Amino acid sequence: MSKYAIKAAKFLLPGAVMAGGYLTIDGNKFGMWSAEAPEGLPVVDESGKWVAPGLVDTHIHGFYNHATTDCDPDGINASSAELARRGTTSWLPTTFTESSEHIREACAAIAAADENRDETFVGAHVQGIYLEGPFFTSKHVGAQNPAYLVDPSYEDFESWQKAAGGRIRKSALAAERDGSPEYCAKLAAEGVVTCIGHSDATYAEALAAVNSGATCFVHTYNGMRGLHHREPGIVGCAMATPETYAEIICDGHHVAPEAIKAVVNAKGWDHVVLITDCLGPGGMPEGEYMSGGLPVVMRDGACYLRDGSSLAGSIATLAQIVKNVFDWQVVTAEQALRMATEVPARSAGIAGSCGSIMPGRDADFVVLDAELNLEATYMGGKLVE
């Protein structure tokens, strides 16, 4: 069908949730929502269901045994195809702490994956690149490779951005490292988001980075100095700076629901970004894998460093995480869906191309039941098989 209408119980539109009605799909683009059925159009009946924008994952290292560390354009596109089958229609392939040359190669591979797609390709859009590292601290290195930790370097960033064809949208750092405020300021001037994480910064050091242009916190609570009543630390800075965004991993392993609720209450749901931080083995059977150059074990719904010293990252899908925060009664269904669509898009500066159902935009959307179980994904108006 080149033009049709979807009938559903609830449509998540930019201004409100519209109860009932019809959404027109015109070719591969969204048309208008209307209360009455558009005359003469075939109707896809999703009565009783939600229709929401396709999910937007702004912190994810790969999927289906392909990772950004592989520096493999075909692997990036294979990840994109599998992500689309699970509700994620836009993502920021996310790098790790590695050598400057390897990060440059990863950026070039992601750019090549994006450029090599043709009109027949069905998979999540690459909306940019996220550099998670290498400007971190050893104290909170987590599953990053400590051998490559360095101070922020704008010269390195320029090299990576050139290899990426200008696609880098986010860059993370430890706020206490030498040159962090200056790095934040330079990237902010270019419209690139800087994020604070894998850091032991004090509240004052984190605030200095925010005051220099940092606008996001990397997987809040994990890999950072925690909240203390006499030294609020990075968690305190995330909670106390209302215009910043806080990423959070809600997979049931990284952060307790009560702690998630505390961040949502402090910042407001509209500044909390649901992410997966999913590693390359996501979507695969349990077992041993490599991730970010380090050996990991995937078991019991999570991924751990093989030596057992740390969680390595999540293997959840964003659709699962949306359902989690709804089931845990942290937020409403509407808020959960917006926290995985328009909020991440806004936080990463990509809201002009994804995260909302708007006329003229690519018709990327998901269908969910009343309990927010994912039932279908559409990309460019076509059902993803």
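Look at segment 222-276 and say how many of its residues are charged (D, E, K, R), closer than 20 Å to Asp327 by Cα and out of contact with any helix residue (DSSP H, G or I) (no Cβ under 7 Å at 6 or more places or on another chain). Give the derivation first.
Initial filter on segment 222-276 (charged (D, E, K, R)): 225, 230-231, 243, 247, 251, 258, 261, 267, 270.
This time we only want the ones that are closer than 20 Å to Asp327 by Cα, so: 247, 251, 258, 261, 270.
Checking which are out of contact with any helix residue (DSSP H, G or I) (no Cβ under 7 Å at 6 or more places or on another chain) leaves us with 247, 258, 261.
So the answer is 3.
Looking at Leu131, Leu149, Leu92, which one is within 19 Å of the chain's Cα centre (by Cα) and over 30 Å from Lys382 (Cβ atoms)?
Values: Leu149 fails: within 19 Å of the chain's Cα centre (by Cα); Leu92 fails: over 30 Å from Lys382 (Cβ atoms).
Within the list Leu131, Leu149, Leu92, the selection yields Leu131.
Cβ-Cβ distance below 6 Å, separation of 6 or more or different chains: which pairs start in segment 144-159 with a residue that is outside the structural domain of Lys186 (by TED's automatic domain parsing) and among the hydrophobic types (A, V, I, L, M, F, W, C) and end on one that is buried (at least 18 other Cβ atoms within 10 Å of the Cβ) and in a loop (DSSP other than H, G, I, E, B)?
Short answer, once both residue conditions are applied: none.
Conditions (1) among the β-branched types (Val, Ile, Thr); (2) buried (at least 21 other Cβ atoms within 10 Å of the Cβ); (3) more than 22 Å from His59 (Cα to Cα), marked per residue:
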site: Glu190; (1), (2), (3): no, no, no
site: Thr202; (1), (2), (3): yes, no, yes
site: Leu207; (1), (2), (3): no, no, yes
site: Thr215; (1), (2), (3): yes, yes, no
site: Gly226; (1), (2), (3): no, no, no
site: His229; (1), (2), (3): no, no, yes
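Among all residue pairs at least 6 apart or on different chains, which show Cβ distances below 8 Å where the first residue, located in segment 212-225, is closer than 17 Å to Val272 by Cβ and the second is assigned to a loop (DSSP other than H, G, I, E, B) and among the acidic types (Asp, Glu)?
Thr215/Glu243; His219/Asp277; Met224/Asp200
One residue is enough: does segment 146-159 have a residue meeting the conditions modelled with pLDDT under 95 and within 16 Å of Gly223 (Cα to Cα)?
Yes - at least one qualifying residue is present in segment 146-159.
Show me the strands (runs of 3 or more DSSP E) found entirely inside segment 53-141 where at least 3 residues are in contact with an Asp or Glu (Cβ under 6 Å, 6 or more places away or on another chain).
Working: elements: 55-60, 88-95, 129-135.
Per the criteria, 88-95.
The values are calculated or read from the model by the stated rules, or taken from the named source; none is laboratory data. All of these numbers come straight from a predicted model, not from anything done at the bench. With ideal geometry, Cβ positions are generated from the backbone for all residues, glycine too; neighbour counts draw on all protein chains shown.
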